[in-house]
Amino acid sequence: MTASQLAACLRTGSAQDTAGVDVEALVTSATRHNVAALVYVALRGGRSAAVDRLGRIAREHALMESVQRADAIRVIEALGAAGISALLFKGTALAYSLYEEPWLRPRADTDLLIQEADAARTAEILDGIGYARVPRPEGQYVTHQFTYVGTADGIATAYDIHWRIADPQVFARALTFEGLQARSVAVPALGTGARRVSDVDALVIACVHRVAHHYDDDQLIRTVDIDRLSRRLTSGDWDLFVEIATTACIRAVCGRGIALSQDMFETPVPDSVVRALESADGEPSATYLRPGLRKIDILYSDLRALTNTAARVRLVREHLFPPLTVVSADSTNSARKFLKIGYLWRIIHGASGWFKPLRPPEKT
């Protein structure tokens, strides 16, 4: 079942566009696109095996949400008590602002944005309250985040802690923490100190995230986010959106997200905004919209975005020689015994992956 069919179902609240699609195909597709609960709500007036299956998934989401909410409150309060300002963004922020019920917006983790100066202290706090840090590449340029995981009432929880909105250099500084904080909005459902990024900033991030980290894939939930955010913006909000996209040289990327939303959900967007986003010419970030994007293309983009040779050399070194914990996690058993040899193993083993498309070609 296609994303377009699911979008039509969500848009009209009718099963007409799912006619002739078997139950397994409907449930599998809705789950892959992270819209199973939304489709259930759209179709629950009817009686069918598909509705029953989707209903069970929705109830699981609701149960998980109740646990994840309590856990998120605990983490946000712990950071606040230490004087660390953390802004919710992406999935959890959207779940508690755009959706009738937060369980309608499933996500794998809770994303928090902090100031880079607070990164070490944030890690100490998460260590202290029982979370475990996930081994992953680290460095000044290779990434701008780290991840902690834990469990609450038997349910897995995860927190991605960021100090930039995205890892790729062409997107990393599109929005500043100071600007995001100044425009932020309270999230009472997640505690008195919880705050999220504004709708305008959330729309910029939604357009960037689906390209910077998901390589322009077709997962429908991210387009649903863009549609719902767009419908909340005022004319002044749209002006700010275009200003941010223009200043950050991400008009083509933002235009792509808006265009998909219009195609799928007939999202109302001012003509002036569409024209402004279409006027993008030669933006480095547009590389991420290119079919067949490869890791080597991303590296080249990062190298071009950095301003001096020392930074470029350091980025390459961070890719080739990550912390030993990462090599240990990625290597074979024999390489774990000789971690330095593991570096060479990792470089050779992963070389071909740098030249493979990150997203398979779309079927025609």
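Every number here is computed from the coordinates shown, using simple stated rules; none is lab data. All of these numbers come straight from a predicted model, not from anything done at the bench. Positions of Cβ are generated from backbone atoms using ideal geometry, with glycine treated the same way; all protein chains shown enter the neighbour counts.
Is the shape of the range 76-144 best called rounded, prolate or oblate, per the rule: a/c under 1.5 gives rounded, else a/b larger than b/c gives prolate, else oblate, with a ≥ b ≥ c the square roots of the Cα gyration tensor eigenvalues?
On the way: a/c = 1.91, a/b = 1.53, b/c = 1.24.
It comes out prolate by the Cα gyration axes.
Which cysteines does the chain leave without a neighbouring Cys Cβ under 4.7 Å?
By the Cβ distance rule, which asks for a partner under 4.7 Å, the isolated cysteines are 9, 249.
Whole-Hz ³J(HN,Hα) for each residue in the range 260-267, computed from phi via Karplus 6.51 cos²θ - 1.76 cosθ + 1.60 with θ = phi - 60°, x for glycine and proline: what do you get?
The phi angles translate into 4, 4, 5, 5, 7, 10, 6, 4 Hz.
Determine the relative contact order of the chain: mean sequence separation of Cα pairs under 8 Å and six or more apart, normalised by residue count, in whole percent.
Computed over the chain, the figure is 15 percent.
Once you order the gyration tensor axes a ≥ b ≥ c over the Cα atoms, which shape class does the range 210-267 get: rounded for a/c under 1.5, otherwise prolate or oblate by comparing a/b with b/c?
Numbers: a/c = 2.24, a/b = 1.19, b/c = 1.89.
Oblate is the answer for the range 210-267, as a/c is 1.5 or above yet b/c matches or exceeds a/b.
If each DSSP helix of 4+ residues adds -39,500 (n - 2.57) and the sum is divided by the residues in the chain, what number results at 222 nm, nearest 500 deg cm²/dmol? All intermediate terms of the calculation are to be shown ahead of the outcome.
Numbers: 18 runs with 194 residues, N = 364.
Value at 222 nm, helices only: -16000 deg cm²/dmol.
With a Cα-only, solvent-free Debye model of the chain, what are the log10 I(q)/I(0) values at q = 0.10 Å⁻¹?
The Cα Debye sum returns log10 ratios of -0.69.
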